[in-house]
Amino acid sequence: RKKRFPIRWKCVPIKFKNRSKSEGMLIIAKDLSKISFCKDMQETNNAYIRNVIESLPEYIYWKNKDFFYQGCNRQVAEYLGLKTSADIIGKSDYDFGWSKERILNLHVMDKKVIREGANIVVEDTIPRIDGSNRIMLTSKSPLYNESGKIVGILGVSVDITAQKDMEKKLSIAKDKAEA
């Protein structure tokens, strides 16, 4: 039929009782095109998921249980001055010039997420590489493997600096109006 597809085959000699030589061969074949299709589909899905994570406007990162980064999206990479998202792999919080106090606070939260399987939401001021600060609302959750075991931490942060600035301005305006 001019259509080619991968197969796995096995030949088994056919022997009858009371005969010394084989009478023929039984050929067993399995079509592997569907298996190949599944593998291609899985690779497509993985690429799709990577593209979704990269395109999200939130800052997304994940760490292992030892607090070493295993990945992030483009937003985090740009914020930290990294060339690509892959450049974060293997780095720790100590690699970004943050204060020891900040790192200690991060690790206290991260330990709670891992130890208790807790979801934590925290407001955090994060220094940028240009010296400015941004206020982030960060949600940290346990990261599970296929067996349901906690293997790390997933962090999702949203920049709320503009909202915080607006809150201050509204508070000042309110105080002036009341005076």
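Quick notes
- Of the set (1) at pLDDT below 90; (2) surrounded by 10 or more Cβ atoms within 10 Å (Cβ to Cβ), all apply to residue 163 but (1).
- Region 76-85, residues that are surrounded by 14 or more Cβ atoms within 10 Å (Cβ to Cβ) and of a type in the set (Lys, Arg): none
- Among residues of region 46-75 being under 16 Å from residue 128 (Cβ atoms) and either out of contact with any Phe, Trp or Tyr (no Cβ under 7 Å at 6 or more places or on another chain) or in contact (Cβ under 8 Å) with a residue 24 or more places away in the chain (or both), the one that is most open to solvent (accessible area, probe 1.4 Å) is 74.
- Residue in region 86-105 that is part of a helix (DSSP H, G or I), in contact with an Asp or Glu (Cβ under 7 Å, 6 or more places away or on another chain) and surrounded by 15 or more Cβ atoms within 10 Å (Cβ to Cβ) present: yes
- Matching residues, region 109-123, being open to solvent by 30 Å² or more (accessible area, probe 1.4 Å) and under 20 Å from residue 95 (Cα atoms): 109, 111
- Some residue of region 80-99 being under 27 Å from residue 47 (Cα atoms) and aromatic (Phe, Trp, Tyr): no
- For region 140-156, the candidate set comprises residues that are modelled with pLDDT under 95 and of a type in the set (Gly, Ala, Ser); within that set, the residue that is least open to solvent (accessible area, probe 1.4 Å) is 148.
- Region 12-76 holds strands (runs of 3 or more DSSP E) entirely within its bounds, and those carrying 2 or more residues that are touching a strand residue (DSSP E or B) at 6+ places or on another chain (Cβ under 8 Å) and at pLDDT below 90 map to 24-31.
- Taken over region 106-125, residues that are free of Cβ contacts under 8 Å to residues at least 12 places away in the same chain and touching an Asp or Glu at 6+ places or on another chain (Cβ under 9 Å) amount to 0.
The values are calculated or read from the model by the stated rules, or taken from the named source; none is laboratory data. This is a predicted model, so every value here is computed, not measured. Neighbour counts are summed over all protein chains in view; Cβ atoms, including those assigned to glycine, are modelled from backbone coordinates with ideal geometry. Only protein heavy atoms, including side chains, enter the accessible area calculation; ligands, DNA and RNA are left aside. Shrake-Rupley method; radii C 1.70, N 1.55, O 1.52, S 1.80 Å.
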